[in-house]
């Protein structure tokens, strides 16, 4: 286990070394990252409990019982707390599944750019597995309170950038294009959706 985590943390700075027989497999990386996600979720629950406990204590000390009754009866803040708790708990439970779909998504993108760049298939073999597996090491930053999710997102982008650039032997600009492809596709999907809605709206009233 110690050796596995050594490779896991090494992938943060040297993700391109996650290759060959010594590379962490996709499943190994997911299972090694999962405890950090659990700690992140538990930290969120603890901070939420502390905040809610302090809030209730202040209201009781100030004899603001009506405020507490309104919060519960109107399902405002109380409902937000419950939703946050359930969403965090669900995200923690489904983490392996989320990672697997992330792997499939990136495999499609990397295979596509491998075809565009005319990289031989034998060179692309296992690249997606190694690159995406290395990127899961970024979840070790998720345990940082408050800003953990943001730091993890930045770290994942850095790891993907380094791994893709060095494994495919491409320029930094080409690597950045690959990294930002999901966001470009997301923007294109939103724009297409709004164009579709506007077209339908115009056709109904024309």
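Bear in mind these aren't lab numbers, they're just calculated from the coordinates by the rules spelled out. Values in this document were obtained by computation on a predicted structure and should not be read as measured data. As a convention, Cβ positions derive from the backbone with ideal geometry for all residues, glycine included, and neighbour counts pool all protein chains shown.
The table that follows gives values for the structure above.
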quantity: Rough spin-label spacing in nm, given labels placed 7 Å along Cα→Cβ, for residue 205 and residue 102; calculated: 4.3
quantity: Cβ-based exposure ranking for 91, 21, in which fewest neighbours within 10 Å come first; calculated: 21, 91
quantity: Label-point separation in nm, residue 187 to residue 84, each point 7 Å along Cα→Cβ; calculated: 3.1
quantity: 111, 129, 169 arranged by Cβ crowding within 10 Å, fewest neighbours leading; calculated: 169, 111, 129
quantity: Relative intensity, log₁₀ I(q)/I(0), of region 76-206 from a Debye sum that treats every alpha carbon as a point, q = 0.18 Å⁻¹; calculated: -1.05
quantity: Helical mean residue ellipticity (222 nm; -39500 (n - 2.57) per DSSP H run of 4+; nearest 500) of the chain; calculated: -27000 deg cm²/dmol
quantity: Ranked list, fewest to most other Cβ atoms within 10 Å of each Cβ, for 183, 103; calculated: 183, 103
